[in-house]
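Everything on this sheet refers to the single structure shown next.
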Amino acid sequence: MKVLQLKQLIYISKEIALFSKSQVDALVSSSQQKNKALKITGYLYYENGYFLQYLESYNHKSIDLLMNTLIGDRRHTIINVIMNMSNRTRRFSDWSMRCIQKQQLTDISMEGKLIDCMESLANKASLSSPEEMKMWYAMDVIANHKKYFEVE
Ligand SMILES: Cc1cc2nc3c(=O)[nH]c(=O)nc-3n(C[C@H](O)[C@H](O)[C@H](O)COP(=O)(O)O)c2cc1C
């Protein structure tokens, strides 16, 4: 039996022009329909001019297609990407895209940890494997608190 591999990707990018909160929200809602069609799930976090986005899909071509679109999007510049394949299940199976908030991360003691992840991803061309593991682990912790982020 063929086991489906989940393609998981985290990237960090820097905005070109300033994004307001309502522009980030609009970006997330416009992404949701397209991601549904592409069978991509994940979340977006915006902090101080930087985006961290987590994307996952069993449809690898969908992720590649979206990444090409994102690379060409002149509203931001992608600084670094890490990618992983595994036979695990989706972390965010019902989030076609969700904007997670700083306060929500603070409440689950993850704000500092995610900022650390963003800093190492932004400042290092390649991460050591413990550093990468830390990033995937941070995604797991956020996923374990999924219900919490769904409370508006
Ligand atoms: C930080 C950031 C994250 C984005 N995330 C997504 C996303 O998850 N899905 C998506 O369809 N578009 C996303 N976009 C928008 C795409 O880059 C692109 O503008 C959109 O998909 C429309 O592309 P199209 O006109 O080629 O269909 C994102 C843009 C930025 C700047």
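Laboratory data are not the source of any read-out in this text; all were calculated from the coordinates shown. Treat the numbers as computed from the prediction; the structure is a model and nothing was measured. Glycine gets a Cβ as well: all are built from the backbone with ideal geometry, and neighbour counts include every protein chain shown.
Show me the three semi-axes of the equivalent ellipsoid for segment 6-133, from the C-alpha gyration tensor (sqrt of 5 times each eigenvalue), largest first, rounded to whole Å. Don't jump to the answer; show the numbers that get you there.
Numbers: eigenvalues 77, 69, 49 Å².
Its equivalent ellipsoid spans semi-axes of 20, 19, 16 Å.
Which ordering of His145, His76, His60 is given by a fewest-first count of other beta-carbon atoms within 10 Å?
His60, His145, His76
In the structure displayed, which of Lys102/Lys146; Lys2/Lys113; Lys102/Lys147 lie more than 25 Å apart, Cα to Cα? It would help to have the intermediate numbers written out before the result.
On the way: Lys102/Lys146 14 Å; Lys2/Lys113 36 Å; Lys102/Lys147 16 Å.
Pairs exceeding 25 Å: Lys2/Lys113.
Name the trypsin sites (Lys or Arg not before Pro) in segment 88-127 that are in a loop by DSSP and that have at most 15 other C-beta atoms within 10 Å, would you?
Details: sites: Arg88, Arg90, Arg91, Arg98, Lys102, Lys113, Lys124; in loops: Arg88, Arg90, Arg91, Lys124.
Passing both the DSSP loop test and the Cβ count: Arg88, Lys124.
Taking the beta-carbon count within 10 Å as an exposure proxy, list Cys99, Cys117 from fewest neighbours to most.
Values: Cys99 16, Cys117 25.
With the sparsest Cβ surroundings first, the list reads Cys99, Cys117.
Please report, in debye to the nearest 20, how large the charge dipole of the chain is about its Cα centre when each Lys and Arg carries +1 at its beta carbon and each Asp and Glu carries -1 there. Don't skip to the answer; put the middle values down first.
Details: 20 positive and 16 negative charges, 113 e Å.
Here the chain has a charge dipole of around 540 debye.
As a check on your grasp of the helix formula, calculate [θ] at 222 nm for the chain: sum -39500 (n - 2.57) over DSSP H runs of n ≥ 4, divide by the residue count, round to the nearest 500.
Details: 6 runs with 70 residues, N = 152.
Result for the chain, helices only: -14000 deg cm²/dmol.
With a ≥ b ≥ c taken as the square roots of the eigenvalues of the C-alpha gyration tensor of segment 79-137, please select rounded if a/c is under 1.5 and otherwise prolate if a/b is larger than b/c or oblate if it is not? Can you show the working numbers first?
Numbers: a/c = 1.83, a/b = 1.11, b/c = 1.65.
Since a/c reaches 1.5 but b/c is at least a/b, the shape of segment 79-137 is classed as oblate.
Over the chain, what is the mean sequence separation of C-alpha contacts under 8 Å (at least six apart), divided by residue count, expressed as relative contact order in percent? Mind showing how you got there, number by number?
On the way: 216 pairs, mean separation 48.1, N = 152.
Relative contact order of the chain: 32 percent.
Which of Ile78, Ile16, Ile142 moves most in a GNM of the chain, Cα contacts under 10 Å?
Highest fluctuation among the options: Ile16.
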